[in-house]
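Accompanying notes for the structure given below.
The values are calculated or read from the model by the stated rules, or taken from the named source; none is laboratory data. Because the structure is predicted, anything quoted here is derived from the model rather than measured. Because the Cβ atoms are built from the backbone with ideal geometry, glycine has one as well, and the counts that use them run over all protein chains shown. Each accessible area value is taken on the protein alone, full model and side chains, heavy atoms only, with ligands, DNA and RNA left out. Shrake-Rupley method; radii C 1.70, N 1.55, O 1.52, S 1.80 Å.
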Amino acid sequence: MKQILAFESSCDDTSVALINTNYEVICNLVSTQTDHADFGGVLPELASRLHMQNILHLTQAALDKTGLASEVISAVAVSVNPGLIGSLIVGLAFAKSLAWSWQKPLITVNHMLSHIFANFIETPDIQPPFLALVVSGGHTELVLFEDLTNFEVLGKTLDDAAGETFDKTAKLLGLGYPGGPALDKAASSGNPDFYSFPRALKRREDFNFSYSGLKTAVMEYVSAQDEAFIQENLNDIAASIQQAIIDPLIDKTLRLARLRNVKTILLAGGVAANSALRSQLAQKASARGIRLHHPSLQLCVDNAAMVGAAAITKFLAGNFASLDVNAFSTKGTRSL
Ligand code: KG4
Ligand code: ZN
């Protein structure tokens, strides 16, 4: 069985994984940079420096853990876009050096595509066509796949991403960083009908999203209340915000699936870890005869196993990158 050594360093997680071409993960090590919490967000320069400190040790640990040597690795895969450019460059430079010194082919991967392919690790037999809802810290996209290499982005956010909205509104409630998991936890015992925050672009026919108005509405709501009221009703307010974030995601995904007669939906990206989004979308999809797939929690957030998973199709097609390839930060799910 051929194995791919994969690297992920697009934001604040350094990760190294080994995966075989049957989507079986041999090892998936992730080092999450906690130093950013003091700044309330990811500090790009700090992220690059921490990737540099981590990547060699993590690779050594992955090889030690699996007992694998370079001879049994058939290719090296790495995320090259989108992401923080300095962070991407660290992973790419490291992957290039290994590919060159070990004389292995290099495979470049789009980070958003790898979030989608994370679904194949636990369910390798997913058959296209399928619709992917990609929701992360920087992206909110609806991507329709005709097959594993042909896809079209049919909807996206016009301003803030869903994950960014979780993070920013959680910060307004004093829930800390990263806000998504904290808001999810607070919301789990709250009432989503406590307050009705706006759902943007609800009546529009297209499949785009907008979250900047919601962010402003939460800011105005929080500043109009006294601190004691916010603390007393924290879980209800969190649940109401969460519902306003996920309602448009669920509605537009199901509407597009019906329009295109797609019976399989893949949830992907960090926000795919959100418990309310997972359960409400699963329930509504199943009522319409649609199968919903989502990765397990540790595969929703950034990790290198998903980079390896997205690299398999390219590996099997012999679609390799030249060693003078560059990283770039342009947003979006795209083929490289
Ligand atoms: O995909 P990811 O790990 O990194 C990017 O590529 O952006 O996504 C990170 C985003 C953050 O905004 C984080 O708050 C959000 O995913 N997130 C969640 C949850 N877990 C992570 N949002 C809502 N609920 C969660 N349980
Ligand atoms: Zn990501």
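The figures follow:
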| read-out | value |
| --- | --- |
| Residues of the stretch 87-139 satisfying the condition of being among the charged types (D, E, K, R) and within 19 Å of Asn319 (Cα to Cα) | Lys96, Lys104 |
| Among (1) under 29 Å from Gly332 (Cα atoms); (2) surrounded by 13 or more Cβ atoms within 10 Å (Cβ to Cβ), the one test that Val222 misses | (1) |
| Selection status of Pro44, within 16 Å of ligand 2 (Cβ to nearest atom), open to solvent by 30 Å² or more (accessible area, probe 1.4 Å) and either among the small types (Gly, Ala, Ser) or within 23 Å of Gly270 (Cβ to Cβ) (or both) | yes |
| Ala273 vs. criteria at negative phi and touching a residue at least 60 places away in the same chain (Cβ under 8 Å) | yes |
| Subset of the stretch 288-334 (residues that are open to solvent by 60 Å² or more (accessible area, probe 1.4 Å), more than 16 Å from ligand 2 (Cβ to nearest atom) and closer than 17 Å to Leu249 by Cα) | Arg288, Arg291 |
| Test for Leu106: is it modelled with pLDDT of 95 or more, open to solvent by less than 20 Å² (accessible area, probe 1.4 Å) and not assigned by TED's automatic domain parsing to the domain that holds Arg199 | yes |
| Total residues in the stretch 1-28, condition aliphatic (A, V, I, L, M), in contact (Cβ under 8 Å) with a residue 60 or more places away in the chain and open to solvent by 10 Å² or more (accessible area, probe 1.4 Å) | 1 |
| Residue that is farthest from Trp100 (Cα to Cα), among those in the stretch 73-89 that are out of contact with any Lys or Arg (no Cβ under 9 Å at 6 or more places or on another chain) and not small (Gly, Ala, Ser) | Leu84 |
| Residue among Leu158, Leu175 that is more than 22 Å from Ser10 (Cβ to Cβ) and touching a strand residue (DSSP E or B) at 6+ places or on another chain (Cβ under 8 Å) | Leu158 |
| Filter result for Ala268 (under 25 Å from Ala186 (Cα atoms) and either within 13 Å of ligand 1 (Cβ to nearest atom) or at pLDDT below 95 (or both)) | yes |
| Asp159 being open to solvent by less than 40 Å² (accessible area, probe 1.4 Å), of a type in the set (D, E, K, R) and away from ligand 2 (no atom under 16 Å from the Cβ) | no |
| Per-region count, the stretch 162-183, residues closer than 20 Å to Ser210 by Cα and either within 8 Å of ligand 1 (Cβ to nearest atom) or open to solvent by 50 Å² or more (accessible area, probe 1.4 Å) (or both) | 12 |
